[in-house]
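These notes concern the structure reproduced below.
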Amino acid sequence: MEYGTDTTRAIMSLMWSGQAAKYPDIRFIWSHAGGTAPFLAGRIDGASGNLKDKMPQGAIHEMKRFYYDTAGAANAGAIASLLQLVASDHILFGTDFPPGGTSAGVAKQLAQLGLNLTAADMRNIDRENALRLIPRLATT
């Protein structure tokens, strides 16, 4: 249960310390669909009101810049919350293999979520986003 909370703590620490805003060119990828951060985004944003010196554009702005993977989060609740925060172009396929199931199993779970993810959304999550972030992964 602590994985999601620990991930959220790390995200908040990075934002509230001002490091996320200070280094906007770093592309952070958060595991576990950002933990509980997408679900709590409104509360996090509200609690950060006195931190304009650390996050001039606000917490939501910083959270929307981050990338998130699907490891341990291939369920409708987690992905629905995440999709309220970011579009599919900021979500990457991930697993917690071996304890989190096989890649094929996680891919099947994602495809069956019933969240109206389009074929383009699934391509983004499955491969395209990773290739945009790390172009050397593309095969020739």
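Determine the pairs where a residue that is free of Cβ contacts under 8 Å to residues at least 40 places away in the same chain, located within region 50-62, has a partner that is of a type in the set (Lys, Arg) and surrounded by fewer than 17 Cβ atoms within 10 Å (Cβ to Cβ) with Cβ atoms under 9 Å apart, the partner being 6 or more residues away or on another chain. Listed by first residue and then by second, the contacts come to 54/22; 58/52. Candidates are the residues of region 66-86 that are under 18 Å from residue 11 (Cβ atoms) and in a loop (DSSP other than H, G, I, E, B); the one that is most open to solvent (accessible area, probe 1.4 Å) is 72. Here 39, 97 are screened, and the one residue that is open to solvent by 40 Å² or more (accessible area, probe 1.4 Å), outside any helix (DSSP H, G or I), farther than 17 Å from residue 11 by Cα and not polar (S, T, N, Q) is 97.
For region 116-130, how many residues are outside any loop (DSSP other than H, G, I, E, B) and open to solvent by less than 50 Å² (accessible area, probe 1.4 Å)? Step through it out loud before you land on a result.
So in region 116-130, the residues outside any loop (DSSP other than H, G, I, E, B) come out as 119-130.
From the residues that got through so far, the ones that are open to solvent by less than 50 Å² (accessible area, probe 1.4 Å) too are 120-122, 124-125, 129-130.
Of the residues in that region, 7 qualify.
Got a sec? Which of 113, 133 is more than 10 Å from the chain's Cα centre (by Cα) and surrounded by fewer than 16 Cβ atoms within 10 Å (Cβ to Cβ)? Please lay out each step first, then the result.
Details: 113 fails: surrounded by fewer than 16 Cβ atoms within 10 Å (Cβ to Cβ).
The match here is 133.
Among the residues of region 1-36, those that are open to solvent by 30 Å² or more (accessible area, probe 1.4 Å) and part of a loop (DSSP other than H, G, I, E, B) comprise 1, 17, 23, 24, 25, 26, 27, 28, 31, 36.
Confirm whether residue 51 is surrounded by 14 or more Cβ atoms within 10 Å (Cβ to Cβ) and outside any loop (DSSP other than H, G, I, E, B). Judged against the criteria, residue 51 is not a match. Residues that are crowded, with 23+ Cβ neighbours inside 10 Å and out of contact with any Asp or Glu (no Cβ under 9 Å at 6 or more places or on another chain) within region 54-65 comprise just one, 62.
The values are calculated or read from the model by the stated rules, or taken from the named source; none is laboratory data. Values in this document were obtained by computation on a predicted structure and should not be read as measured data. Here Cβ is always computed from backbone atoms with ideal geometry, including for glycine, and neighbour counts include all displayed protein chains. Note: accessible area is taken over every heavy atom of the protein model, side chains too, but ligands, DNA and RNA are not part of it. Shrake-Rupley method; radii C 1.70, N 1.55, O 1.52, S 1.80 Å.
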